[in-house]
Structures are given as C-alpha cells and as structure tokens.
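Please read the structure below before turning to the comments.
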Amino acid sequence: MLINKYTKLSDVILARYNCMPVILRFGIPFGFGDKNVEEICRQYQIDADFFTEIINVFIDEDYFPQTHLQEFSVKTIIDFLLKSHRDYRDRKIPYIEKLIESLEWKSPEAQKNKSLIKNFFREYKNEVIEHLAFEEKEIYPYALRMEEFLQKKIQLKEEEISKFLMNSYEEQHDDIEEKLLDLKNIMIKYLPPASNLDVEQMVLFEIFRLEKDLNNHARIEEKVLIPKVKWIEKQLKTINNL
Amino acid sequence: MTNIRFLVVEKSFIIRQGIKTILHDLSNAELIEAADYSSSLENIIEQIRPSVIIFNHKLLKQQPDIYQILKAAKENVKLVLIKGPNKKLDNEKFFDLCIDIDSAKSQIIKELNDLIEELKSNQIEETSDLSDREIDVLKLVAKGKSNKEMADMLFISTHTVISHRKNIIRKLNIKSVAGLTVYAILNRLISEDELNNIS
C-alpha cells in the first residue's frame, strides 16, 4: 500500500511498521488518535507532501516520487537526511555495538570470536561515519549553496560550473552495506554459535534492519536529493548561458 | 545454488506484475528485469545474462525472428512464450515453454518449476570448499598482501591471483578484506598472532 495525505497515521504504522523510525525522525511521537497525515503534519509543522513522499519511498522499494521535486526545498530534504544520519550514528549503530558486546560463548577459546566480531563491526562503523561525514561536509553544503545561487539568480563563472558535483556524486555514491552483508554471512554461516542465541539473533535482526534502513536512506538521496540538485545545476547553467 | 535469473519482456504492466507474483512463489527464481519492448533487448541480455526470458507472443508479430535473435544473444537461454487463450502458434516448437494466459496458477508454477529443475540439473553444483591454491591466496589476502605481492610469492600471474580472489568471494559470499580475514581466523587458516606481527 502507498499512503497519501488523507491516510490515518495509525493505519500507516499498522500496515508497515518499518516506517516507524522515519516517523520518529520527523519528531512525531505516538498517540496520534485518528488524525491523518495532513493533520499531524500541520500540528508538527512538517511539509505533508514531503512526509508522504518519504514514507512511500520507505515502504515501497519500487516507488518513485510523484510530486514535482521542485516543490521541496533542498533544505527540507537535507534536514531530514541529517536527522537520519544522527539516528544511525547516535542510536542504531551504538545499539548493535552494545548487543555484540553482550554476546557470549562457553569456552574461553570461543570468546575470542567476540573480539573478532567487535573489531569487524568497529571497522564498519568507522566506514559509515566517514561516509556520513563526507556527505555532511561536502555534499550537503554544496547542495544548499546551489539552491541559494539559484534563488538569487547568481551568474556563475565557467570555472565554477565545471566543478558541479552531482554527476560524480551519483556515480560514486558508494555502497556502505558491503561489510554488513559480510557480517551477516559470517554470523549465519561460519561463526560458532553463541551460548546466548537470543542475543545473537537480535544482533542479526538489527543488522538486517539497519541494512534496509540504509538502503532506503540511499534511495532518498538517489531519487529525491540528487535529481533535485541536478535540476538546479541545469537551471544555473541556463542562467549562465543567457 | 545460484538463482535462476528470469528476464520478463512484457509491455502490459498488469501482466508483468502477474508474472512477478508467480516468480515470487518459485524457489531459486530471481526476477532481474521487467523490461518494455522499447528498450534494446540485446543490451539488456548482455548486461544481466538471464537464464530464462519470458515474453508475450505479440512480440512475435512485431519481430517474427525474435527467438533467433534471443538465442543468439545468449547461449542456452530458455525462451518462454505467453500466448493467448487456447491459441496454437506455428512457431511454438522454437520455444522451451509456451504458457497459456488462461492457465491456472498452479499449472504455470508446475511448468516453470520443471524448467527450473532442468536448468539446475545442468548447473554444476558448487561447493563452498576452497581449493588448496585458493586457501593460499586467502591467507595472503588476510595478511594484507597486494595482488602483485601475492603473485610474486606464489609464482603465478596477478591475473591468476585476481581470478582466485573472485572465486573465493563467490564461494564464501564475503567481499571485504576484513570479512575474509575474519573467515580465515575462524577457520584457523591464520592465527591472530600472525596478524598482529604484521601490524
């Protein structure tokens, strides 16, 4: 199912609970009653069209945003992406780390597995943090700058236009899930089972969830942010040619 | 077991979704692309290397020799035709399977399962056991050696090193060097002390 502005927010969660973290990131707490998306968004001063698009991207992998991308400001998109970054960095990843820390094996020999998995996950974490930091330092400020240039109809120099970033960002938008896939495979196929299987299962659940969430996040960057900024770059080129 | 890759060439969205639903119910089947006629078929086939191509009989009217083109585009590809209700087509014999659009779901699933079984029996069952040479390469990967260094140490070409690495990744389903290192330690191919000595 897809949602629109008139869908009840409670129905959204009942049908697709995987969108809960997104609703939380928008700062909407539970207890919606029978309010629909539009009413809730008005209450929390969120752009209802943007909210609808984001939720749909999260609940349906094949969904392609319908509304004109031009309608949302780059700032709206980036504010949301930054909230997700914070969620990964401050909550999701530390939570998995904590779970890994509580894994246990019976023999002291097998306890070594813990440090193996811990170190592996730490490497992954550093990779993700680096990736997020790159976007926060380079890509997002660039996107905001481009939007400002367009709003002010600033004419750019040839040289500045040659430094447009979006095409190369799109090409290199790298896959930060590779190590997560490896970790899943290692745990499912090769790691001797932990003695607290329930915790091991939770680790795997959380990894699957994080992977899915990161995928959705990347889809928002690829289907909402990148096309929008590319459109701005194109407009800026046109202004320049006039 | 690697999945059997299906390419669906079908203009109608409704029929495409229907095929998708059926493929979803088959084990070992993977739908790669639901393409339209408008895209260049040969390019898509080149890119995704499907084992089975499913398409609508209407495509035959547009391009009567389509099966020759498809067979030529990929060796041993199985062609599945979706035909109108109770229709008998002249060139049915060129297809590996013809599905009547009015067939029951269970019937279609049975026919496609037979096709998948046939394809699977032709596949060489691959074990995840690494060969001795692959183990040699894996140990060196875990120790952080470059392809060139490994080639020199094992007296093989870098090209061979790379192909060993590809096979290791495929067999273990682990891509990153860090992940391969964990695998090597878990399987006692390399000790942590050895690693610590390097760093």
Residues to consider are B:ASP152, B:ASP136; find the one that is over 27 Å from A:ILE188 (Cβ atoms), part of a helix (DSSP H, G or I), more than 14 Å from chain A (Cβ to nearest Cβ) and not aromatic (Phe, Trp, Tyr). B:ASP152
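Filter region B:170-179 down to residues that are assigned to a helix (DSSP H, G or I) and closer than 25 Å to A:ALA110 by Cα and give me whichever is nearest to the other protein chains (Cβ to nearest Cβ).
B:GLY179
Whether any residue in region A:28-40 is touching a residue at least 60 places away in the same chain (Cβ under 8 Å) and either closer than 19 Å to A:ASP213 by Cβ or loosely packed, with under 12 Cβ neighbours inside 10 Å (or both) is what I want to check.
Within region A:28-40, the subset touching a residue at least 60 places away in the same chain (Cβ under 8 Å) is none.
No, region A:28-40 has no match at all.
Among the residues of region A:222-242, which ones are β-branched (Val, Ile, Thr) and more than 17 Å from the chain's Cα centre (by Cα)? Please lay out each step first, then the result.
So the first thing to find is which residues in region A:222-242 are β-branched (Val, Ile, Thr), and the list is A:224, A:226, A:229, A:232, A:238-239.
Within region A:222-242, A:VAL229, A:ILE232, A:THR238, A:ILE239 meet the criteria.
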The one condition A:GLN201 fails out of (1) at pLDDT 85 or above; (2) under 24 Å from A:LEU132 (Cβ atoms); (3) away from chain B (no Cβ under 14 Å) is (2)
Of the conditions (1) under 22 Å from A:ALA143 (Cβ atoms); (2) part of a loop (DSSP other than H, G, I, E, B); (3) in contact (Cβ under 8 Å) with a residue 60 or more places away in the chain, A:ILE46 satisfies every one except a single condition; which number is it? (3)
B:ILE190, sole failed condition from (1) assigned by TED's automatic domain parsing to the domain that holds B:GLU30; (2) outside any helix (DSSP H, G or I); (3) not aromatic (Phe, Trp, Tyr): (1)
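Specify the residue that is surrounded by the most Cβ atoms within 10 Å (Cβ to Cβ); the eligible residues are those in region B:180-196 that are over 15 Å from B:VAL137 (Cβ atoms) and at the interface with chain A (Cβ under 10 Å from one of its Cβ atoms).
Among them, the one singled out is B:VAL182.
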Taking region B:156-169, which residues are within 17 Å of the chain's Cα centre (by Cα) and either without any contact (Cβ under 8 Å) to a residue 24 or more places away in the chain or at the interface with another protein chain (Cβ under 10 Å from one of its Cβ atoms) (or both)? B:LYS166, B:ILE169
Filtering region B:46-72 for residues that are over 20 Å from B:LYS87 (Cβ atoms) and of a type in the set (D, E, K, R) leaves a count of 3
Of the residues that make up region A:216-229, is at least one more than 29 Å from A:ARG89 (Cβ to Cβ) and not assigned by TED's automatic domain parsing to the domain that holds A:ILE54? no
If a residue must be within 14 Å of chain B (Cβ to nearest Cβ), assigned to a helix (DSSP H, G or I) and at pLDDT below 80, how many such residues does region A:149-198 contain? 0
Here are B:LYS71, B:LYS87, B:LYS61: which of them is at pLDDT below 80, in the same structural domain as B:ASP114 (by TED's automatic domain parsing) and in a loop (DSSP other than H, G, I, E, B)? B:LYS87
So A:ILE78 fits all but one of (1) among the hydrophobic types (A, V, I, L, M, F, W, C); (2) within 14 Å of another protein chain (Cβ to nearest Cβ); (3) closer than 22 Å to A:MET20 by Cα; what number is the exception? (2)
Within region A:58-73, can one find any residue that is in a helix (DSSP H, G or I), surrounded by 15 or more Cβ atoms within 10 Å (Cβ to Cβ) and free of Cβ contacts under 8 Å to residues at least 12 places away in the same chain? no
So B:ILE116 clears everything in (1) in contact with a helix residue (DSSP H, G or I) (Cβ under 7 Å, 6 or more places away or on another chain); (2) in a helix (DSSP H, G or I) except one condition, right? Which one? (1)
Residues of region A:105-148 being under 24 Å from A:GLU170 (Cβ atoms), hydroxyl-bearing (Ser, Thr, Tyr) and within 14 Å of chain B (Cβ to nearest Cβ), in sequence order, are A:TYR124
Given (1) under 15 Å from B:LEU89 (Cα atoms); (2) in a loop (DSSP other than H, G, I, E, B); (3) modelled with pLDDT of 80 or more, index of the condition B:LEU26 fails: (1)
For region A:79-99, state whether one or more residues are outside any helix (DSSP H, G or I) and either free of Cβ contacts under 8 Å to residues at least 24 places away in the same chain or not assigned by TED's automatic domain parsing to the domain that holds A:PRO193 (or both). no
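The values are calculated or read from the model by the stated rules, or taken from the named source; none is laboratory data. Just so it is clear, the structure is predicted and the values come from calculations on it, not from any experiment. A quick note on method: Cβ atoms are made from the backbone with ideal geometry, for glycine too, and the neighbour counts reach across all protein chains shown.
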